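The values are calculated or read from the model by the stated rules, or taken from the named source; none is laboratory data. As the structure is a computational prediction, the values presented were derived from the model and not from experiment. Backbone-built Cβ (ideal geometry, glycine too); neighbour counts: all protein chains shown. Ligands, DNA and RNA are excluded from the accessible area calculation, which covers all protein heavy atoms including side chains. Shrake-Rupley method; radii C 1.70, N 1.55, O 1.52, S 1.80 Å.
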Amino acid sequence: MQANEQKRTEISTLGEFGLIEHLTKKFAIKNASTFKGIGDDAAVIGKSDPLTVVSTDLLVEGIHFDLMYFPLKHLGYKSVVVNLSDIYAMNAVPKQITMSIAISNRFSVEALEELYEGIRAACKNYDVDLVGGDTTSSNKGLIISVTAIGEGEKDKLAYRNGAKPGDLICITGDVGAAYLGLQIMEREKQLYLSNPGIQPDLEEQKYLVGRQLKPEARRDMVDVFRKAKLVPTAMIDVSDGVSSDLMHICRQSGVGAFIEETGIPVHEEAKLMALKFNLDPITCALNGGEDYELLFTINPKDLDKTKLLPDVFIMGEITEKDEGIKFHTNGGRIVDLEAQGWKHF
Ligand code: ADP
Ligand code: MG
């Protein structure tokens with residue numbers, strides 16, 4: 001046997017992004033209509049303005065969701081919304097989705113109707129059309145794949161690679177709550193497993209649980225940017241966590257950054273719950289993920305316009321690459337920002 005044939009590299013040595021890069025690096029772009037290939041929240045294709053943006057996501061039972069506490073209707077809704085979020089992160093507007101599912105006979109028609117109720121609600125709320133998909137069987141778990149297609153004006157699209165030193169780093173909404181919602185549901189699941197007589201009490205934590213079970217995408221921001229005549233220099237949606245997603249912007253833009261602890265919006269309920277779990281609220285906010293807020297950078301000449309934007313917080317500033325990616329604590333310390341967000345491998 002040749003030495004070559006014995007070689008086995010573990011996926012974990014590359015990580016998710018290393019693996020994608022490794023597998024795709026030999027693919028050259030051949031078509032003039034491919035404006036943006038791999039590496040952003042969505043690909044950009046087409047020949048005329050507006051261009052078409054396309055994004056796809058895969059959700060696997062036991063990895064991305066647990067049906068013990070994730071109602072199918074919410075799962076349907078969330079699976080659409082997280083995909084639409086990637087289209088908004090391009091400063092584009094989603095128009096269609098396709099939906100593919102792999103199911104086992106563990107699921108009844110009624111259960112799948114529930115799933116599709118949620119999908120329908122998301123299509124209605126976000127004005128997108130379900131235009132296709134695929135249905136197949138799986139041995140056991142449920143697998144959902146959603147593709148979203150949207151439209152974006154060429155000069156308004158926001159990529160991950162446009163940030164420049166001096167740009168301001170902004171974020172919408174608040175971060176960390178979805179992660180704490182997940183912690184609450186995990187805790188209730190463990191309680192239930194050890195004592196099935198106990199009914200979960202999630203009512204009290206409606207905000208946090210809602211951020212996990214029924215996230216919304218920042219559709220409003222595309223309009224807000226248009227009205228303010230503002231185009232972010234770079235943008236990404238916060239799916240893996242602020243740290244990890246800011247790092248994507250920095251890596252692809254070839255820049256560094258600093259963010260201030262005071263600039264990170266954390267909901268009061270998230271702060272309290274983090275402390276109950278003995279977690280640091282800021283660590284949850286930076287590394288939690290699944291917030292589906294928009295993280296974007298703007299040219300400092302647009303500062304005045306940005307200050308007027310509703311629900312937008314200035315977190316920090318883009319710096320030169322060799323300055324690294326830093327976190328300024330309230331105590332005046334400067335530390336390296338580390339991505340400890342959602343890791344698939
Ligand atoms: P997001 O978190 O915004 O959904 P990802 O981190 O999943 O984005 O993907 C980063 C980029 O890599 C995207 O351009 C995506 O289309 C691409 N990508 C992910 N997995 C693969 C794959 N197996 N083959 C080709 N491209 C991929
Ligand atoms: Mg994304």
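If you go through segment 109-153, how many residues are touching a Phe, Trp or Tyr at 6+ places or on another chain (Cβ under 8 Å) and over 19 Å from Asp220 (Cα atoms)?
Taking segment 109-153 first, the residues touching a Phe, Trp or Tyr at 6+ places or on another chain (Cβ under 8 Å) are 118-119, 121-122, 142.
If we keep only those that are over 19 Å from Asp220 (Cα atoms) as well, we get 118-119, 142.
Number of matching residues: 3.
Helices (runs of 4 or more DSSP H) wholly in segment 263-318 with at least 2 residues that are at pLDDT 95 or above, hydrophobic (A, V, I, L, M, F, W, C) and outside the structural domain of Phe225 (by TED's automatic domain parsing) - which ones?
Of the helices (runs of 4 or more DSSP H) lying wholly inside segment 263-318, none has at least 2 residues that are at pLDDT 95 or above, hydrophobic (A, V, I, L, M, F, W, C) and outside the structural domain of Phe225 (by TED's automatic domain parsing).
Taking Phe17 and the conditions (1) open to solvent by 80 Å² or more (accessible area, probe 1.4 Å); (2) part of a helix (DSSP H, G or I), which numbered condition does it fall short on, given that it satisfies the others?
Condition (1) is where Phe17 drops out.
Kindly establish whether Gly173 is within 16 Å of ligand 2 (Cβ to nearest atom) and in contact with a Lys or Arg (Cβ under 8 Å, 6 or more places away or on another chain).
Criteria met by Gly173.
Any residue in segment 1-26 that is away from ligand 2 (no atom under 16 Å from the Cβ) sitting within a Cβ distance under 7 Å of a residue that is at pLDDT below 90? List the pairs, counting only those 6 or more apart or interchain.
Ile11/Phe345; Ser12/Phe345; Gly15/Phe345
One residue is enough: does segment 87-97 have a residue meeting the conditions under 30 Å from Ala121 (Cα atoms), in a strand (DSSP E or B) and among the basic types (Lys, Arg)? Before the answer, list the steps.
Start the filter on segment 87-97 by keeping residues that are under 30 Å from Ala121 (Cα atoms), which leaves 87-97.
Next cut, in a strand (DSSP E or B) only: 93-97.
Within this subset, residues satisfying the condition of being among the basic types (Lys, Arg) are 95.
So far as segment 87-97 goes, yes, one or more of its residues are under 30 Å from Ala121 (Cα atoms), in a strand (DSSP E or B) and among the basic types (Lys, Arg).
Count, please, the residues in segment 46-83 that happen to be touching a helix residue (DSSP H, G or I) at 6+ places or on another chain (Cβ under 9 Å), assigned to a strand (DSSP E or B) and not charged (D, E, K, R).
Residues that pass the stated criteria total 7.
Assess whether Glu188 counts as being acidic (Asp, Glu) and part of a helix (DSSP H, G or I). Spell out how you get there, then give the answer.
Details: acidic (Asp, Glu): yes; part of a helix (DSSP H, G or I): yes.
The answer is yes for Glu188.
For segment 194-213, does any single residue satisfy the condition of being within 16 Å of ligand 1 (Cβ to nearest atom), in contact with a helix residue (DSSP H, G or I) (Cβ under 8 Å, 6 or more places away or on another chain), closer than 19 Å to Val312 by Cβ and in the same structural domain as Leu272 (by TED's automatic domain parsing)?
Taking every residue of segment 194-213 in turn, none turns out to be within 16 Å of ligand 1 (Cβ to nearest atom), in contact with a helix residue (DSSP H, G or I) (Cβ under 8 Å, 6 or more places away or on another chain), closer than 19 Å to Val312 by Cβ and in the same structural domain as Leu272 (by TED's automatic domain parsing).
What's the number of the only condition in (1) modelled with pLDDT under 95; (2) more than 11 Å from ligand 1 (Cβ to nearest atom) that Glu21 fails to meet?
Unmet for Glu21, out of (1) modelled with pLDDT under 95; (2) more than 11 Å from ligand 1 (Cβ to nearest atom): (2).
Residues to consider are Glu290, Glu216; find the one that is within 16 Å of ligand 2 (Cβ to nearest atom), over 23 Å from Gly316 (Cα atoms) and open to solvent by 10 Å² or more (accessible area, probe 1.4 Å). Give the steps one after another, and end with the answer.
On the way: Glu290 fails: over 23 Å from Gly316 (Cα atoms).
Among Glu290, Glu216, only Glu216 is within 16 Å of ligand 2 (Cβ to nearest atom), over 23 Å from Gly316 (Cα atoms) and open to solvent by 10 Å² or more (accessible area, probe 1.4 Å).
Go through (1) assigned to a loop (DSSP other than H, G, I, E, B); (2) under 12 Å from Ile171 (Cα atoms) for Glu338 and report which single condition fails.
It is condition (2) that Glu338 fails.
Which one is nearest to ligand 2 (Cβ to nearest atom), of the residues in segment 223-249 that are in a helix (DSSP H, G or I) and open to solvent by less than 10 Å² (accessible area, probe 1.4 Å)?
Looking at residues that are in a helix (DSSP H, G or I) and open to solvent by less than 10 Å² (accessible area, probe 1.4 Å), I get Asp245.
Please work out if Arg160 is basic (Lys, Arg) and either surrounded by 20 or more Cβ atoms within 10 Å (Cβ to Cβ) or not assigned by TED's automatic domain parsing to the domain that holds Phe277 (or both).
When the stated conditions are applied, Arg160 passes them.
Answer yes if at least one residue in segment 32-45 is of a type in the set (Phe, Trp, Tyr) and not in a strand (DSSP E or B), and no otherwise.
Here is the first cut: in segment 32-45, the residues of a type in the set (Phe, Trp, Tyr) are 35.
Filter once more, so that each one left must be not in a strand (DSSP E or B): none.
No: segment 32-45 contains no residue that is of a type in the set (Phe, Trp, Tyr) and not in a strand (DSSP E or B).
Within segment 60-102, work out how many residues are open to solvent by 30 Å² or more (accessible area, probe 1.4 Å), free of Cβ contacts under 8 Å to residues at least 60 places away in the same chain and farther than 21 Å from Gly181 by Cβ.
4
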